[in-house]
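Taking it in order: structure first as structure tokens, then the write-up.
Here, each number is a calculation from the coordinates, and none is a lab measurement. On a predicted model such as this, the values are computed, not experimentally measured, just so you know. All Cβ positions, even for glycine, are placed from backbone atoms using ideal geometry, and neighbour counts span all protein chains on display.
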Amino acid sequence: MLDLARQIFDVIDGRQALSPTKFIEMVDLDLDAFAINAHVHRSTITRSPTAQNIQSHIRATLQVLAAVMKTSGGDLQPAIFWYRNESLAAFDHKTAEALVAEGRAADVLDLLASYQTGFVG
């Protein structure tokens with residue numbers, strides 16, 4: 001996760017934080033989708049980029065993306081595609097993106113860990 005986080009760190013209001021603007025660019029989201037997933041108003045992204053909901057959502061997403069990359073060979077773009085598009089049968093066919101938005105990043109991480117140990121579900 002640290003490698004991904006380094007790509008989007010920025011100095012915001014005099015302190016180092018994860019840049020929602022850089023994150024949105026990296027993951028190829030639009031502002032509205034990010035706001036919905038992070039449970040904030042779209043203006044909060046530019047007015048208060050260090051808000052806890054924003055920073056927590058970015059951290060959780062980066063953790064999942066790092067785990068996907070570890071499981072699938074280390075490439076970011078395929079990991080992002082999987083995160084945003086793969087229907088997960090174990091979770092009523094929701095995507096990892098939807099689960100992270102629901103606060104269920106740990107469930108996705110557990111699923112990915114089971115993939116690494118040989119479970120194919």
Separation between the Thr50 and Ala90 pseudo-spin-labels, each 7 Å from Cα along Cα→Cβ, expressed in nm?
-> 3.7
Taking 0.36 nm per intervening residue step and subtracting the Cα-Cα distance, what contour gain separates Leu31 from Ala113 on full extension?
-> 26.5 nm
Sticking with the crude label model, points 7 Å out along Cα→Cβ, report the distance from Thr21 to Gln7 in nm, one decimal please.
-> 1.9
Crossing angle, helix 105-116 versus the chain [Cα axis fit, 0-90 degrees, rounded to tens] | 40
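Give the calculated FRET efficiency between His41 and Arg104 to the nearest 0.05, with a Förster radius of 30 Å applied to their Cβ-Cβ distance.
E between His41 and Arg104, to the nearest 0.05, is 0.85.
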At each listed q (0.09, 0.20, 0.23 Å⁻¹), what is the log10 of I(q)/I(0) that the Debye formula gives for the chain modelled as equal alpha-carbon point scatterers?
-> -0.24, -1.10, -1.40
Computed over the chain: longest principal axis from alpha-carbon atoms vs helix 52-72 long axis, angle to nearest 10 degrees, is 30
Value of [θ]222 nm, deg cm²/dmol, for the chain, DSSP H segments ≥ 4, -39500 (n - 2.57) each, nearest 500 = -19000 deg cm²/dmol
Segment 2-116 - percent relative contact order, Cα under 8 Å, separation 6 or more | 20
